[in-house]
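The values are calculated or read from the model by the stated rules, or taken from the named source; none is laboratory data. Please read these numbers as outputs of a predicted model, since none were measured by experiment. Cβ placement follows ideal geometry from the backbone for every residue including glycine, while neighbour counts extend to all protein chains displayed. With ligands, DNA and RNA removed, areas are computed over all heavy atoms of the protein, side chains included. Shrake-Rupley method; radii C 1.70, N 1.55, O 1.52, S 1.80 Å.
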Amino acid sequence: MIDTSQALSPRSLAAERSHPSHEQSNHEHPNHEESPCTADIPFTEEELAYLAQDSRALFTRMPFSGPGFECYGYGEEGRHHYGRSSVIQAVKHICGQWAKLHPDAPRIGVGDISLPDGGDTPTHATHEEGVDVDFSVVTNNGKEEPSNWQAGNYSQALTRDFVNLIFDNPVLAPRVVLFNDPEIAGVQYHAGHDDHLHVRFQVGPNVKAPEYSPDEGTLKMVTPYMKGDRVRALQEDLIASGIDLEADGVFGKTTEKAVKAFQRRYRLEIDGAAGEVTLARLKDVISADNGPAASS
């Protein structure tokens, strides 16, 4: 069970009241209105080939809350907040930038993504591959509550800023953003998208890995690969600890293998991910090797 013991926002409470389980059909919920996210966004042949070969073991659950965001409709298990690892990375980065840009504004509401292993979702057919994400619009009163682009509590300016962050993020480009405010540049109209943004992120073999790794948290192999200064620093530390590795700044299979070798050597959990425990142990090992005993 996910810890959602903190007070839910009015937005989350409204979602809990109005949305049944996505794993049940509308016939089992006669009072449930048709899902607003039935938009038909066909995949290209290239995308289908990529999604078919990509392992769904790389699906990751979006945390219930974090810098700049709160999930709504999360329930007890966060069952419909799983996505491709690169998509979750993009969402967290966008919301983190939102928190820096507007620290006093409402957090962004992150809605439906996909099931833990993707697949059939009768009431949300578009959300089956872990690349589509719903986001709330932003209010003008500082409250995390339901709104829509025609409502009195809607902030067009803040919502525009958030849409710009979606398009400018360095992790994954959006392929399409559905939303019905005609004054927001870059979005497309689709029935049922008055009160939220529906973003399909661009995935496929021709999408390059960005020169980016998260500012904090676990470094691990995802698709596309994490790249950047933190990855390079990790590789250099692994080399300093005696692990054979090239410091190229890309967290690919060789880096994952090197992390596992370090974890095996120091009897840590062998998962190939450089999380808090592994990074702390690596720091201790390097400090010990560079201490007085090591230099004498």
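Scanning region 127-134 finds no residues that are open to solvent by less than 10 Å² (accessible area, probe 1.4 Å) and more than 18 Å from the chain's Cα centre (by Cα).
List the pairs whose first member sits in region 224-250 and is over 24 Å from Phe59 (Cα atoms), whose second member is assigned to a loop (DSSP other than H, G, I, E, B), and whose Cβ atoms are under 7 Å apart, counting only residues at least 6 apart or on separate chains? Partner pairs satisfying both residue conditions: Arg232/Ala247; Arg232/Gly249; Gln235/Leu245; Gln235/Ala247; Glu236/Ala247; Leu238/Leu245; Ile239/Leu245; Ile239/Ala247.
Residues of region 250-273 that are acidic (Asp, Glu) and either touching an Asp or Glu at 6+ places or on another chain (Cβ under 7 Å) or part of a loop (DSSP other than H, G, I, E, B) (or both): Glu269, Asp271. When Asn206, Asn169, Asn140 are screened for being modelled with pLDDT of 95 or more and not charged (D, E, K, R), only Asn140 passes. Checking Arg11, Arg17, Arg79 one by one, the residue that is at pLDDT 75 or above and open to solvent by 80 Å² or more (accessible area, probe 1.4 Å) is Arg79 and no other. Taking Val203, is it without any contact (Cβ under 8 Å) to a residue 24 or more places away in the chain and either open to solvent by less than 20 Å² (accessible area, probe 1.4 Å) or not in a helix (DSSP H, G or I) (or both)? So Val203 does not fit the description; no.
With respect to (1) modelled with pLDDT of 95 or more; (2) crowded, with 19+ Cβ neighbours inside 10 Å; (3) not aromatic (Phe, Trp, Tyr), the lone exception for Gly118 is condition (1).
Restricting to region 256-296, what's the tally of residues that are among the hydroxyl-bearing types (Ser, Thr, Tyr) and modelled with pLDDT of 95 or more? Matching residues across region 256-296 total 2. Of the numbered conditions (1) in contact with a helix residue (DSSP H, G or I) (Cβ under 8 Å, 6 or more places away or on another chain); (2) not in a loop (DSSP other than H, G, I, E, B), Thr159 satisfies every one except a single condition; which is it? Looking at each condition in turn, Thr159 falls short on (1).
Kindly indicate whether Asp134 is part of a loop (DSSP other than H, G, I, E, B) and in contact with a strand residue (DSSP E or B) (Cβ under 8 Å, 6 or more places away or on another chain). No, not satisfied. When Ala57, Ala105, Ala99 are checked against the criterion of being open to solvent by 10 Å² or more (accessible area, probe 1.4 Å), modelled with pLDDT of 90 or more, not in a loop (DSSP other than H, G, I, E, B) and not acidic (Asp, Glu), a single residue qualifies: Ala99.
Candidates are the residues of region 223-251 that are surrounded by fewer than 15 Cβ atoms within 10 Å (Cβ to Cβ) and of a type outside the set (A, V, I, L, M); the one that is farthest from Ile88 (Cα to Cα) is Gly242.
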